[in-house]
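Everything below concerns the one structure shown next.
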Protein chains: 4
Amino acid sequence: MRKLNHIAVVGVTGYTGFELARILVRHPGVETSTFYMRDTQGAKCLDELFPQLRGRGDAPLHTFSVDAITASSAGTAFLATPHDVSATLAPSLVAAGMRVVDLSGAFRFRSAETFTNWYKLAAPPANLLAEAAYGVPEIYADKIKDARIVANPGCYATSVILALRPLTDAGWIAADSGVVCDCKSGASGAGKELRRDLQFVEVDENFKAYNLFSHRHTPEILEHTGLSETQVIFSTHLLPISRGILSTIYVNLESQHTGEAIEALYRKFYAGRAMVRIWPAGSLPELQHVTHTNFCDIGFVLDKTGRRLVSVSCLDNLGKGAAGQAVQNFNHILGIEEHTALQ
Amino acid sequence: MRKLNHIAVVGVTGYTGFELARILVRHPGVETSTFYMRDTQGAKCLDELFPQLRGRGDAPLHTFSVDAITASSAGTAFLATPHDVSATLAPSLVAAGMRVVDLSGAFRFRSAETFTNWYKLAAPPANLLAEAAYGVPEIYADKIKDARIVANPGCYATSVILALRPLTDAGWIAADSGVVCDCKSGASGAGKELRRDLQFVEVDENFKAYNLFSHRHTPEILEHTGLSETQVIFSTHLLPISRGILSTIYVNLESQHTGEAIEALYRKFYAGRAMVRIWPAGSLPELQHVTHTNFCDIGFVLDKTGRRLVSVSCLDNLGKGAAGQAVQNFNHILGIEEHTALQ
Amino acid sequence: MRKLNHIAVVGVTGYTGFELARILVRHPGVETSTFYMRDTQGAKCLDELFPQLRGRGDAPLHTFSVDAITASSAGTAFLATPHDVSATLAPSLVAAGMRVVDLSGAFRFRSAETFTNWYKLAAPPANLLAEAAYGVPEIYADKIKDARIVANPGCYATSVILALRPLTDAGWIAADSGVVCDCKSGASGAGKELRRDLQFVEVDENFKAYNLFSHRHTPEILEHTGLSETQVIFSTHLLPISRGILSTIYVNLESQHTGEAIEALYRKFYAGRAMVRIWPAGSLPELQHVTHTNFCDIGFVLDKTGRRLVSVSCLDNLGKGAAGQAVQNFNHILGIEEHTALQ
Amino acid sequence: MRKLNHIAVVGVTGYTGFELARILVRHPGVETSTFYMRDTQGAKCLDELFPQLRGRGDAPLHTFSVDAITASSAGTAFLATPHDVSATLAPSLVAAGMRVVDLSGAFRFRSAETFTNWYKLAAPPANLLAEAAYGVPEIYADKIKDARIVANPGCYATSVILALRPLTDAGWIAADSGVVCDCKSGASGAGKELRRDLQFVEVDENFKAYNLFSHRHTPEILEHTGLSETQVIFSTHLLPISRGILSTIYVNLESQHTGEAIEALYRKFYAGRAMVRIWPAGSLPELQHVTHTNFCDIGFVLDKTGRRLVSVSCLDNLGKGAAGQAVQNFNHILGIEEHTALQ
């Protein structure tokens, strides 16, 4: 008999997986947790691999196999696995009666074609894509709580969608006007893969743009804001810091608005949502306000014409941008307060 | 009898002034150099105040006074002084027959009103504003070489103007379309004034936007690109690094162009100009390529419609963005190779 | 009627005070908390001054006065105030029946003369110095739980004392042999005072030694290890990071020992103490393992003669080195688990 | 006919090799320079691989082979190659009549056994080890200028030897007393090999000790100070910066000395040596004073007994610690001013 608060966490090698582990080992709603990785290097417990976790519990660590997971009592599985692994693993787990929170890109799109075009990988089964919930709980909580698969969003996508969605839902963006999303992320967002351009000396005291017009989070942004590809420019930059995304978003409004009206729009949209914090009109959040938290902070400045809006959205790419949001989605599955274990 | 290569450098306390000193003490074209500061703390030579300079010469240091400077044989004066000090000091030096390279904002505008509106200070005499050359030698070399006052540009302004000017001169920017200049700078750009928000702990592992719609370099950008205030959005961000500016500039083209055509446009504009390096179409520079140099590197990416262009412009805010460019202007005054002492 | 879990926190302006606030607003054992600062800038709640705290409670903020504090029901006061303020404030609060956890240096020494010599300030009353507990709970828990004043130790001193005390108690350090404590700290340890040498550009990509033979934490180390001033060299260095202290400590052993014996000595000394983690012989902790935690991690390497020992001790200077340890001391006062709110 | 100022540079892939290239492309004493690497990726010139070098000359780049090098007119070869490559390559080049400046560890010891014990590699021929000069020109200039092979020292070793040698030559260190060398280096010192522990996220906001009692630079320090292995403790730490080594060195003096006497000893030892800068007694250098330079700065503090000395030695590990010192050695070979191209 599966229990939702018996959890399996697959893939704790990367930065996201480790952050997930760090949060879940002290989650008060979890009854049992088991961690899986491809190569446990002989370790039996998480803290043998991660000395930072010593003294914070001794969660069991197992070599990954589908059978091992489905044979357990786990009712919820977190997948911090590569896109292609998630694409094949999630269906098996769902078939075995488990709920899945997937942190890869595999289930983020309704269209298999979109996934295949952007990720150059075979897409998961169409029916699962169709039913998967997109895991921004501030927007899709109703669907998330019952979904068999929750596709945890991309870090950049979360930051941009949370800033734009109140505006697009209200129809306040001028039709066909360009929306520039100039986004900057710390290096942990690029993952833990060994890459020359992620070595310390290459990132330190440096800054650069990358993946212009080609970043994989683009289709998520389009799908969940309703903006068109020709309308949005989404650019990404690498900050010489470990954690955090700040997106500066340039919008032309369809008519003149006041700062008060825009602040009110944001506040109404996120009313009752603890994890999104709206800043007073004319003031802006900065990364230190949100790193090591699950908050997304949003502020904005309006020019004197009341037609040009710059929104700034900040979050921790490992927190609200990945592991924290996964736990927030899990809290919705459990039906408990969404910020449990996240403050 | 004044000699142009006898130089006086006023204000070596700040980061820009120190960088200027560091370059000038080894400039092969300088015959004598004297440094002035308000409070020499009893030091007679530069290296008594700046141990980094030990063993690199023992340039004399004097307490600042107009009389001391004008009594010397100096033919060229560099002013790394506050805006209001430059505004009153430069006229005296010019009257005494000296050439002035001013690194403050005092002489950057033809209009006294623009200066006063943006800087909230009394403007220098109108005739001097009218005759001062704006010190981007890639654009205004002819004027610079004979000008009595060269207004060394703002660091952000230099980076934006160098990226936009070839496009505006060619008329390739779509009329009335928005031009977004999303700029990021290291902390030395904010100067050496003691400020809470510039303490290490406040900047480290942080990132933020500031001065949206209100940065003082705005009018320089407008004046030297010909774009209108309602067309340009110029935003500035603080990077957790010491040196470097990277500007990401979003432009809508008036018609479809190829990458080759745009690269050719840039290359032609900067032909023979050693200090601006154009990157091959589709490739982008990063800050490490230009820090501790006087280069401005420009690259760009075009979207598949050939209508949306993102230009990335990088420079060292203390190099090409300030002290280095000042020396480059000085080289034009001397009539020697513009990169002397800058490689 | 005072209650120990009604708390007053004085001084939340600095990095330590803010960290204390951050921990205490979510401390499950605290019933009411009130924060005091000299100048509240009109704010009524903590999160008006610290936007990072928004959504984490709305603890009341008051202008500081002795009367305001003593008139409240608070049974415990935390003082994150300057040394001289603590020296005069603590006696008043104690006289009013409160328990005090003082984070300054005012009560760290039994001898008024030591305080005055090192701090150049008037010492607190001798009777209070005599009765104050030195707040390293791993060593002095029995005294701390009943003390009217707990002197929270210096950050460097905590890191050094925790590494040396097991060795000095066991008599394993060779008599009269030198003990070198080469310590390195992040910039938040220097406090939030505006100082030129703490500006970002001065600290970034830099590293330096400071206060050799003169650091104020020296007498704490001597008093709580029993080593003599001529035996210990304590040096401090500034790391270009925000948080964390790593101390490399060089000891000559009085006789040959094995790594196993030394590890066993450490483990026995800290048995049952959750916040000190001993690493296996021959392995060493690093700062990332402890920053943003209340842990002190200790590891060591022995040379092949078994006579020369290098111990490495790591902690977060704002955590176990200051605010975290203050809360740990408070937990002993309350008689609850010492790591409450610290994991 | 070989000419000493026709140079071949082998291995420009790593940080040291690149720094060497950066210095040599603007060395006024070099007549021709050719660069070699194992895999040129089709590039014909250095700046095709290193866009930072664009506009600074177009030095030819060739695929590495012994024949290609010996067939050229080059009289001097710089080897920025792995230890084992240098060990076999240098003898061939020497046999062909070239002078070699080797930046690896292959020729740093007179004893083949020492090399093999510490590097676990086959040693070069004994006669070449015997005749190779150890490349600290402040100590061994006479031998360097005529040596067929100059073994460029280790970065840590340079920093420690320069601080200790004046003291050991004078016999001022107390016999048999311990000498603690606590050294800290930026990440470029670890080379450019892809390693998990050198990824940005692992180094950023971190600090750790490594290789205690086992660092390969140990035998260099012993050989060139004359101190014994049981007397010296040499520890190394990784700083979260790109460049720079700071060594804090603890010495017990054989008798009481004044600060003036020690400063005089240092100044006399380094008289006429531009690249070592001695600081006034009681003042200390910091890393920013020497990064991006070829200086080694040395300062010290003496305790009040006049018996305990702490010396602090700073250099840039890629400058005076590697590429810069290699060029300094080359200048001695050419018989020109030793700081040519290094200021």
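Distances between placed amide hydrogens fall under 5 Å for residue A:99 paired with A:76, A:77, all partners being 5 or more residues away or on another chain.
Measuring from a point 7 Å out along Cα→Cβ, what nm distances, shortest first, does residue D:336 have to its partners in the other copies? Shortest to longest, the spacings are 1.8, 7.2, 7.3 nm.
Relative to the Cα centre, the charge distribution of chain D, modelled as +1 at Lys and Arg Cβ and -1 at Asp and Glu Cβ, gives a dipole magnitude of about 360 debye.
Residue-wise HN-Hα couplings along the stretch C:44-49, as the Karplus relation 6.51 cos²θ - 1.76 cosθ + 1.60 with θ = phi - 60° gives them from phi, are 9, 10, 3, 6, 6, 8 Hz; Gly and Pro carry x. The distance linking the stretch C:299-343 with the stretch C:92-168 is 17 Å (Cα centroid to Cα centroid, whole angstrom). Helical runs assigned H by DSSP (4 residues or longer) give chain C a calculated mean residue ellipticity at 222 nm of -8500 deg cm²/dmol, each run adding -39500 (n - 2.57) before division by the residue total. Here the stretch A:44-150 yields Rg over Rh of 1.02, to two decimals, using C-alpha coordinates and the Kirkwood radius.
Legend: Rg and Dmax of the stretch D:226-331, from Cα coordinates, 14.7, 43 Å. For the stretch D:4-94, which trypsin sites (Lys or Arg not before Pro) are in a loop by DSSP, counting at most 12 other Cβ atoms within 10 Å? Of the trypsin sites (Lys or Arg not before Pro), the ones in loops of the stretch D:4-94 whose Cβ has at most 12 other Cβ atoms within 10 Å are D:26, D:38, D:44. Across the identical copies, the 7 Å label point of residue D:282, projected outward along Cα→Cβ, sits 4.8, 5.3, 6.5 nm from its counterparts, in ascending order. Taking the Cα centre of the protein assembly as shown as origin and assigning +1 to Lys and Arg Cβ atoms and -1 to Asp and Glu Cβ atoms, the resulting dipole is close to 0 debye. Here residue D:258 sits with roughly 70 square angstrom of accessible surface, probe radius 1.4 Å.
Counting only protein chain heavy atoms and rolling a 1.4 Å probe, the accessible areas of C:208, B:320, B:268 rank, largest first, as B:268, C:208, B:320.
All Cα-Cα separations within the stretch B:1-79 were binned at 10 Å from zero, giving a P(r) of 19, 58, 22, 0, each value a whole percent of the pairs. Rg and Dmax, both from the Cα atoms of the stretch B:153-303 and both in Å, are 15.9, 49. Sequence-ordered 3J(HN,Hα) estimates for the stretch D:147-157 from the Karplus curve with 6.51, -1.76 and 1.60 and θ = phi - 60° stand at 5, 6, 10, 10, 8, 5, x, x, 5, 4, 4 Hz, glycine and proline given as x.
Compared with the dominant principal axis of the Cα atoms in chain D, helix D:15-24 is inclined by about 70°.
Taking 20 Å as the cut-off, the amide N atoms of the stretch A:185-220 that come nearer than this to a point 7 Å along the Cα-to-beta-carbon line of residue B:174 belong to A:212-214.
For the stretch C:275-343, state the average projected area of the convex hull of the C-alpha atoms over all orientations, rounded to one decimal in nm². Over all viewing directions, the stretch C:275-343 projects a mean Cα-hull area of 5.2 nm².
Exposed loop sites were defined as GluC sites (Glu not before Pro) in DSSP loop states (anything but H, G, I, E or B) carrying at most 16 other C-beta atoms within 10 Å; in chain C the longest segment without such a site runs C:32-192.
Distance between the 7 Å Cα→Cβ label points at residue B:283 and residue B:110: 3.9 nm. Kirkwood analysis of the stretch D:194-266, using all unique Cα-Cα pairs, places the hydrodynamic radius at 15.3 Å. Here the Kirkwood formula puts the hydrodynamic radius of the protein assembly as shown at 33.5 Å, using every distinct Cα pair. Rounded to 0.05, the FRET efficiency of the residue A:264 and residue B:214 pair, given R0 = 25 Å and the Cβ-Cβ distance, is 0.60.
Whole-Hz Karplus values for the stretch D:259-265 come out as x, 4, 5, 5, 4, 4, 4 Hz, taken residue by residue from phi with 6.51 cos²θ - 1.76 cosθ + 1.60 and θ = phi - 60°; glycine and proline positions read x.
Across the copies of the chain, residue A:84 has label points (7 Å from Cα along Cα→Cβ) spaced 3.2, 6.7, 6.9 nm apart, shortest distance listed first.
Residues whose amide H lies under 5 Å from that of residue B:277, counting only those 5 or more places away or on a different chain, are B:296, B:297, B:298; hydrogens are built 1.01 Å from N in the peptide plane.
For the peptide C:274-281, the mean number of other protein chain Cβ atoms found within 10 angstrom of a residue's Cβ is 2. Computed on chain B, the Cα convex hull volume stands at 132 Å³ per residue.
The values are calculated or read from the model by the stated rules, or taken from the named source; none is laboratory data. This structure is a prediction, so every number in the text was calculated from the model and none was measured. Neighbour counts are summed over all protein chains in view; Cβ atoms, including those assigned to glycine, are modelled from backbone coordinates with ideal geometry. SASA here: full protein model, heavy atoms, side chains in, ligands and nucleic acids out. Shrake-Rupley method; radii C 1.70, N 1.55, O 1.52, S 1.80 Å.
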